[in-house]
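The values are calculated or read from the model by the stated rules, or taken from the named source; none is laboratory data. This one's a predicted model, so the numbers in the text were calculated from it and none came from an experiment. Quick reminder, even Gly has a Cβ in these numbers, built from the backbone with ideal geometry, and neighbours come from all protein chains shown. Please note that ligands, DNA and RNA were not included when accessible areas were found on the heavy atoms of the full protein model with its side chains. Shrake-Rupley method; radii C 1.70, N 1.55, O 1.52, S 1.80 Å.
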Amino acid sequence: MRPVAGNLVKLSGLMLASGCAWYLGYVFADIIPEDTVSIAIQNLQNIGERPVIKAPLPKRQKCDHWSPCAPRSYAYRLLSGGGKEKMAKICFEDELLISEQRGNVGRGINIAIVNYKTGKVVSTKFFDMWEGDFSGEMTAFIKDAPQGSLLLMVTHDDGSARLKDDGKKAIEELGSKEIRNMKFRSSWVFIAAKGFKLPDNIEKEKINHSDNRKNRYSGWPAEIQIEGCIPDNLI
């Protein structure tokens, strides 16, 4: 008889506990507003849908450098053209001096002259080296650049076909090591100083020759670029 009595006690306790739980639930449901319960349930359901917090994007640097230039220095980035569609660009201190957006880029050799002391552009021009005779005009443009100037040069399409020896010599005198190596449709970028010397450790020149086995574009090599920082106290 004892086991039967014990089971009855347990059953009675379970029924009592169930009744208390039902009663408490009824009381709370009557006290707590229905919209509060709905909001709580909705918040629980939306936990998994909330966006993941992401780290902030890195701050954009001048001329799209990966890291900032030191204080009191100029940022530069030179990009040659790529094929027919990707036009050349020259950026200095976060200003596009030559670009498709400015409408002042063209086939041949593109040159920007910058006043080193102020960091402001003095003049920009492009010289077609495929059609017409502009090598002499380009040579005069380079020689007329004031002392204390930075000269930034990039090619788009071909910069060699009608480039004469006087033009090559003028660029060579500025420190170019590649101007006499330029071939048909070579991609070439170059930065030079007139009347003062740039630091040895900055990137000044790069060339990429057309090669049908390696060309990124049909008949054209991949575009190339150089970038860096120039201290503003060299003169």
Among the residues of the range 101-134, the number that are of a type in the set (Gly, Ala, Ser), touching a strand residue (DSSP E or B) at 6+ places or on another chain (Cβ under 8 Å), touching a residue at least 24 places away in the same chain (Cβ under 8 Å) and surrounded by fewer than 21 Cβ atoms within 10 Å (Cβ to Cβ) is 2
With Ala222, Ala193 as the choices, which residue is farther than 21 Å from Gly83 by Cβ, in contact (Cβ under 8 Å) with a residue 40 or more places away in the chain, open to solvent by less than 30 Å² (accessible area, probe 1.4 Å) and not hydroxyl-bearing (Ser, Thr, Tyr)?
Ala193
Listed residues Val122, Val154; which is touching a Leu at 6+ places or on another chain (Cβ under 6 Å) and assigned by the TED database to the domain that holds Ser218?
Val154
Can Asp165 be described as over 28 Å from the mean Cα position of the chain (by Cα) and either farther than 17 Å from Leu79 by Cβ or free of Cβ contacts under 8 Å to residues at least 40 places away in the same chain (or both)?
yes
Filtering the range 61-92 for residues that are in a loop (DSSP other than H, G, I, E, B) and at negative phi leaves a count of 14
